[in-house]
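The values are calculated or read from the model by the stated rules, or taken from the named source; none is laboratory data. All figures in this text were calculated on a predicted structure; none of them were measured in a lab. With ideal geometry, Cβ positions are generated from the backbone for all residues, glycine too; neighbour counts draw on all protein chains shown. Ligands, DNA and RNA are stripped out before the accessible areas are found, and what is left, the full protein with its side chains, is counted by its heavy atoms. Shrake-Rupley method; radii C 1.70, N 1.55, O 1.52, S 1.80 Å.
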Amino acid sequence: MNTPWDPLHRAYFNGYALWTYLTTPFLLAMDGMRVEETKPWQEGPETWRVLRAYFRGSIETHNLVQDFFFGEDLLLRRHDYSVNIAGGFAAAQLTSNYTEADGIRLPTKRRAYTRGPDRRPIVEMLMVSIDVSEVQFA
């Protein structure tokens with residue numbers, strides 16, 4: 001995707017996006033957040049629980065309503081949102097390759113794809129690729 005962004009626009013987007021990604025699922029418990037469980041999602045042989053989060057307007061994020069998909073082990077598998085800052089396209093971000101730091105498990109691999117009308121990621125349309133390594137908390 002091409003955007004008319006300058007370095008400041010990209011820094012703004014990267015900053016709020018990474019904050020959302022790195023604080024999930026803790027951000028779902030913040031004051032002012034409303035979360036509800038919606039219909040489970042079938043992904044291959046797995047059934048994922050889906051939490052719909054309603055962000056308050058004072059939190060910078062992709063959009064105010066986002067879905068978070070959790071596996072049986074309660075680890076995040078997928079994160080759906082619309083990227084309002086880039087025209088509102090629907091995205092599905094898949095998370096995997098978990099690591100543990102100070103007792104907290106987090107995904108080290110994130111791949112965001114355009115999402116089709118069937119809510120499935122269009123894997124030929126990779127939008128964002130994030131790999132995290134050497135995680136530690138101080």
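Segment 82-106 and segment 49-68 have Cα centres separated by 12 Å. Ellipsoid fit via the Cα gyration tensor, segment 14-138: semi-axes of 20, 18, 16 Å, each the root of five times an eigenvalue, largest first.
Computed with a 1.4 Å probe over protein heavy atoms only, the accessible surface of segment 24-76 comes to 58 Å² per residue.
Computed from the C-beta positions of GLN42 and LEU8 and an R0 of 30 Å, the FRET efficiency is 0.10 to the nearest 0.05.
The solvent-accessible area of ASP31, taken with every protein chain present and a 1.4 Å probe, is close to 130 Å².
In units of the rule-of-thumb radius 2.2 N^0.38 Å, segment 18-92 shows an alpha carbon radius of gyration of 1.09.
Just the protein heavy atoms count here, and of the accessible area of the chain at 1.4 Å, carbon and sulfur take up 54 percent. Taking every C-alpha pair closer than 8 Å and separated by at least 6 residues, the mean separation divided by the residue count of the chain gives a relative contact order of 13 percent.
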